[in-house]
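Here is the structure we will look at, set down as structure tokens.
The values are calculated or read from the model by the stated rules, or taken from the named source; none is laboratory data. Because the structure is a prediction, the values reported are computed rather than measured. These accessible areas exclude ligands, DNA and RNA; they are computed on the full protein's heavy atoms, side chains included. Shrake-Rupley method; radii C 1.70, N 1.55, O 1.52, S 1.80 Å.
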Amino acid sequence: MYEKTEFKGIGYPHVVRMSFELPYLDWCRFEKSDIFHQLVKYLDELETPNIRQHCQEEQDLSEEV
């Protein structure tokens, strides 16, 4: 029902794409759900420069270990 694809660079994925399919009526229910709105909010927050910098710093630290 869902698919995850990683686009790798040197050492770790640079981009991960996740997609899923739902029947239309299930989509209508999902779109009205709290989890959908939380997911959209989470994804919107990932687009901020501060979050991207924080994620890069975490990645750099994990590579040092």
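Just to verify a number: what accessible area does E6 come out at with the full protein assembly present, 1.4 Å probe, Å² rounded to tens?
Rounded to the nearest 10, that gives 70 Å².
Using a cut-off of 22 Å between alpha-carbon atoms, which lysines can reach K32, once sequence neighbours fewer than 8 places away in the same chain are excluded?
Cross-link targets: K41.
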